[in-house]
């Protein structure tokens with residue numbers, strides 16, 4: 001992959017982060033939705049969008065690999081990593097790997113919450 005590819009990927013990720021922040025602020029300030037619900041809104045929208053893009057790219061083999069990376073890993077990766085988690089879970093379910101999908105769901109949620117707590121504790125002790 002070229003330097004140009006990585007620069008465009010970084011720009012897409014930055015744009016995704018700006019969109020995430022903007023949507024969250026809109027939900028809080030305009031729609032009067034309290035925290036943490038704007039985050040769930042962003043995560044659900046990201047999951048919807050990654051599902052749409054994954055299906056579009058499946059149906060249209062002509063879409064370049066670079067475009068797929070820019071939109072999914074870059075834009076939606078900056079918007080929410082929960083969208084990637086959602087897609088991976090759906091792919092496991094579609095492949096018939098229900099127990100692996102359930103394990104992935106439970107471990108992802110539990111471990112990420114525990115790691116967040118561990119990070120907070122680490123900062124408190126340092």
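In what sequence do 79, 21 fall when counting other Cβ within 10 Å, fewest first? Write down the numbers at each step before the final one.
Details: 79 25, 21 12.
Ascending number of Cβ neighbours within 10 Å: 21, 79.
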Two-decimal log10 I(q)/I(0) for the chain, as the Debye equation yields it once each C-alpha is a single scatterer, q = 0.10, 0.14, 0.16, 0.20 Å⁻¹: -0.41, -0.78, -0.97, -1.21
For q = 0.13, 0.17 Å⁻¹, Debye-computed log10 I/I(0) when each Cα of region 64-114 counts as one equal scatterer: -0.38, -0.61
Helix-only CD estimate at 222 nm, as mean residue ellipticity for the chain, using -39500 (n - 2.57) per DSSP H run (n ≥ 4): -26000 deg cm²/dmol
Over the chain, relative contact order from alpha-carbon pairs under 8 Å, at least 6 apart, %: 32 percent
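Computed from the coordinates by the stated procedures, all read-outs in this text should not be read as laboratory data. None of these values were measured; they are calculated from a predicted model. Counting neighbours? That spans all protein chains shown, and the Cβs are built from the backbone with ideal geometry, glycine included.
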